[in-house]
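Each value in this text was obtained by applying a stated rule to the coordinates, not by laboratory testing. What you see is a predicted model; the values in this text were computed from it and never measured. Backbone-built Cβ (ideal geometry, glycine too); neighbour counts: all protein chains shown.
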Amino acid sequence: MKKQINLRAVAAQAIEQVVEHGQSLSQILPPLQHKVGDKDKALLQELCFGALRVLPQLEWLINKLMARPMTGKQRTVHYLIMVGLYQLLHTRIPPHAALAETVEGTVAIKRSQFKGLVNGVLRQFQRQQETLLTAFAQSEERYLHPQWLIQRIKKAWPQQWEAIIDANNQRPPMWLRVNRNHHSRDAWLTLLQEAGFTGYTDNQYPDAIRMAAPVPVHALPGFELGWVTVQDASAQGCISRLEPQNGENILDLCAAPGGKTTHILEAAPLANVTAVDIDQQRLARVHENLKRLGMSAKVIQGDGRSPSQWCGSEAFDRILLDAPCSATGVIRRHPDIKWLRRDRDIPELVRLQSEILDAIWPHLKPGGTLVYATCSILPEENSLQIANFLKRTPDAKISALDTGEQNFPGAEKGDGFFYATLVKQ
């Protein structure tokens with residue numbers, strides 16, 4: 001029989017790993033989800049993602065409710081209280097159950113001497129909830145973002161900054177990409193409706209469907225057969241700009257986890273596609289995605305800054321460069337980005353992007369197309385990066401059809417994303 005695991009304790013330890021030790025949730029969570037029962041996987045994800053989404057609110061409340069902070073080895077108790085507050089504020093879990101399970105979490109983390117403290121703090125919150133939340137709504141922390149990031153977004157987008165931040169704080173919509181080799185989008189949408197689900201098409205993205213509410217992937221018609229893939233609409237926008245053709249030599253650079261690699265092959269099944277990424281572990285996901293969709297591509301581990309090491313002098317008809325970036329456009333999907341990223345990371349990322357652009361450009365054939373894309377909303381990584389590249393690269397010009405487009409996240413829209421289509425003279 002499976003040992004009873006306290007879910008709140010597991011969530012508290014995961015959040016602590018992110019905030020105190022800079023670990024990413026996408027690395028920490030999968031092994032933890034293996035430890036809990038199937039019906040608890042979704043709740044564990046909700047507690048971790050949710051608490052990180054509203055972290056400043058939870059920290060602010062704990063500061064008000066406790067005379068002094070928990071330090072050293074007692075820090076896990078701090079995060080356990082945070083998980084308790086999150087449940088009371090943002091979930092439908094009955095308060096008595098949230099309290100009981102959270103207090104019991106002290107035993108799981110071997111801090112049972114703090115049972116009374118955890119119980120006391122959470123009950124005090126229940127008594128003062130209205131007053132506290134009114135005060136929080138006036139505080140600097142109400143934007144739920146680190147100050148440096150608010151300043152950068154404000155400076156870049158003085159008209160849109162509040163809407164961007166608000167969108168970042170919402171739960172993301174679930175977007176799907178219909179595999180056009182199996183069904184037209186509308187034909188698959190009919191199958192989806194027959195299965196009892198609601199989805200919406202989008203005029204801008206020919207393969208995309210937005211789900212009215214997220215569903216488990218195995219409930220989607222033909223998911224195991226490769227009929228459909230989970231992929232944000234903005235990420236799908238790369239392929240209409242790349243316009244891959246059968247028989248062409250196409251490079252997907254920084255390809256993991258492989259969503260765009262497989263989209264290229266759906267659009268041009270007879271193209272010769274090479275998928276390259278620096279991260280060996282994440283390349284496993286590229287292989288999984290290709291296998292599920294019954295496709296093949298050449299998959300290589302390699303550094304985008306030194307292409308001659310993995311492709312020699314080979315040249316490509318088209319290159320998709322989904323450049324490493326701050327990921328400031330996908331915060332609603334990965335709320336831990338707000339606490340893992342630092343202001344000083346941005347100039348380093350800008351330098352890395354420019355090095356990759358300069359290194360890969362000689363491997364594009366004359367007349368060929370390179371689509372530069374990021375899931376960032378910061379101009380330094382996007383429009384300014386491309387402007388600087390064009391200045392120093394005489395044989396590069398921006399496509400008249402696509403002069404660089406910045407998407408912002410929105411409830412019925414894709415993630416924050418940037419694209420620029422470059423053509424080699």
Based on a Kirkwood Rh over C-alpha pairs, give the Stokes-Einstein translational diffusion coefficient of the stretch 1-147 at 25 °C and viscosity 0.890 mPa s in µm²/s. 158
Among 96, 334, 90, which comes first, second and so on when ranked by fewest other beta-carbon atoms within 10 Å? 96, 90, 334
What's the longest uninterrupted piece of the chain once you rule out the GluC sites (Glu not before Pro) that are loop residues per DSSP with at most 13 other Cβ within 10 Å? 1-223
Lysine pairs within the stretch 239-424, Cα separation less than 28 Å, 8 or more sequence positions apart or different chains: 15
How many angstrom separate the Cα center of the stretch 76-92 from the Cα center of the stretch 270-324? 42
Note the full-extension length gain between residue 151 and residue 68 as 0.36 nm times their separation in residues minus their Cα-Cα distance, in nm to one decimal. 26.9 nm
Between the stretch 374-403 and the stretch 129-160, the Cα center-to-center distance that results, in Å: 31
Please list, ordered by chain and number, the residues whose modelled amide H lies under 5 Å from the amide H of residue 408; skip anything fewer than 5 residues away on the same chain. 417
Let's see if you can work this out: charge +1 on each Lys and Arg Cβ, -1 on each Asp and Glu Cβ, no other charges. What is the dipole magnitude of the stretch 7-144 about its Cα centre, in debye to the nearest 20? 340
Give a residue-ordered list of calculated ³J(HN,Hα) values for the stretch 133-140 (Karplus: 6.51 cos²θ - 1.76 cosθ + 1.60, θ = phi - 60°; whole Hz; x for Gly, Pro). 5, 5, 5, 4, 4, 9, 7, 5
Charge sum, other residues only, whose C-beta stays under 11 Å from residue 233's C-beta, Lys/Arg counted +1 and Asp/Glu -1: -2
Charge-dipole axis of the chain as Lys and Arg at +1 and Asp and Glu at -1 on Cβ define it, positive-most pick from 275, 190, 211: 211
Could you tally the net charge around residue 152, taking each other residue with its Cβ under 13 Å from the Cβ of residue 152, Lys/Arg +1 and Asp/Glu -1? +2
Identified option (computed mean projected area of the Cα convex hull in nm²; candidates (1) 20.3; (2) 22.5; (3) 48.8): (2)
From the Cα centre of the stretch 31-52 to that of the stretch 196-241, the distance in Å is 24
